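Engineer: Quick one: the structure is below, questions incoming.
The values are calculated or read from the model by the stated rules, or taken from the named source; none is laboratory data. Quick caveat: nothing in here was measured; it's all calculated off a predicted structure. Using ideal geometry, Cβ is built from the backbone for each residue, glycine included, and neighbour counts are taken over all protein chains shown.
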Amino acid sequence: MPRMTAIVVLSHGSLSKGLVEAACMIAGKSSKLEYVCLEEGEGPESFRRKVDAVLNTFSEDDVLFLVDLFGGTPSNIASMLFLERAQADTGGQTSECTKPPVEQGSQGEVAALASGRRRSFALVTGVNLGMLLEAINNRANMRPDELASHLVEVAPATIVDLGRVLLEGVRKPS
Amino acid sequence: MNISLVRIDDRLIHGQVTTAWLRQYPAEVIFVIGDSVAANPFQKVVLQTTAPAGVTVEVMDTATAAAELIRRSQDSRNVALILTRPADIVHLVEQGIPIRSVNVGGMQPHTGSRQVAKSVSVDQADELAFRHLFEKGVELEIRMVPTDKKQDLAKILGFTR
């Protein structure tokens, strides 16, 4: 049985907090659903420490990062974590300068190794409430990478020029 | 290459840079300059894959940056230089790279640093480097986004001619 993928929403300002609160309003309280806000004037190192702290609470869980803006600091930090994770999976031939931070080797990592599979990460940009709900509803039966492709596939359907659709509905002869 | 922008920002390339700064100071090429960023292959990949459309991002150490700017002096494209430490700009200036103004956009506090403005903390080495640039006649201005009012960093640091 696939492990339940944890979801971490990352954003500029309190957008991610608001998205998670809104999702809980609709889907009910959900475990392993966290957010990290990049405060105004906060640097990447401080933001990364906050993300690492959240990741440590999930121990061995797989993680899907949903980020607000492609190329922004939250997206860039998640990209670094993703690449470090991927590198660790391909033999961990990290050079001196690319050594992951001290959080490596936490109990979670050990537990994941013992269970025969390491945790995996996935990362999708452009999060909105529809996408977050879709992720919550499907995370129990999809691996993070499957979940990521699924979200990218369905995301366009969450954005609708509703006025046009409504007018077409009105004009349509019944 | 014509240098359109020199910016100190320890977030390197991010939303403010791609949306606001490049609009105001167009550049076809961004040099991300620093010995530690150049030595981090992950960060290099992230910077290059998230480059804004139509912009080439090159990540290099300070010595390479100086050499490349000299080598490509006849290249007609605009380049934006993004760095994290003022000492790296001193190095470029000493190599003869024409830099007249430095935008300071973000220097996080670290051990031994003191905060001199919102989002700007400097240590002694930074201060020395800024003083050197000031003495060479380089403008030092703090702005997070181009529409902010310029704050004179030299004045804040108490530099006088």
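Engineer: Among the listed residues A:Glu60, A:Glu42, which satisfies the condition of being more than 14 Å from every other protein chain (Cβ to nearest Cβ), modelled with pLDDT under 90 and surrounded by 13 or more Cβ atoms within 10 Å (Cβ to Cβ)?
Structural biologist: A:Glu60
Engineer: Of all residues being part of a loop (DSSP other than H, G, I, E, B) and of a type in the set (Asp, Glu) in segment B:24-62, which is nearest to the other protein chains (Cβ to nearest Cβ)? Just the residue, please.
Structural biologist: Restricting attention to segment B:24-62, the residues satisfying the condition of being part of a loop (DSSP other than H, G, I, E, B) are B:25-28, B:34, B:39-40, B:50-55, B:61.
Then keep just the ones that are of a type in the set (Asp, Glu); that gives B:28, B:61.
Working: B:Glu28: 17, B:Asp61: 12 Å.
So the residue we want is B:Asp61.
Engineer: Would you point out the residue of segment B:92-107, among those that are surrounded by 20 or more Cβ atoms within 10 Å (Cβ to Cβ) and touching a strand residue (DSSP E or B) at 6+ places or on another chain (Cβ under 6 Å), that is farthest from the other protein chains (Cβ to nearest Cβ)?
Structural biologist: B:Val102
Engineer: Taking segment A:20-46 only, how many residues are within 15 Å of the chain's Cα centre (by Cα) and assigned to a helix (DSSP H, G or I)?
Structural biologist: The total comes to 2.
Engineer: Further, regarding this structure: Counting only residues that are crowded, with 19+ Cβ neighbours inside 10 Å and touching a helix residue (DSSP H, G or I) at 6+ places or on another chain (Cβ under 6 Å), which one in segment B:41-59 is nearest to B:His14 (Cα to Cα)?
Structural biologist: B:Val46
Engineer: Taking interchain pairs and intrachain pairs at least six residues apart, which have beta carbon atoms under 6 angstrom, with the first residue in segment B:12-23 and assigned to a loop (DSSP other than H, G, I, E, B) and the second among the polar types (S, T, N, Q) and surrounded by 23 or more Cβ atoms within 10 Å (Cβ to Cβ)?
Structural biologist: Listed pairs, sorted by first residue: B:His14/A:Thr73.
Engineer: With the condition kept exactly as written, say whether any residue in segment B:60-74 is modelled with pLDDT of 95 or more, touching a strand residue (DSSP E or B) at 6+ places or on another chain (Cβ under 7 Å) and among the β-branched types (Val, Ile, Thr).
Structural biologist: yes
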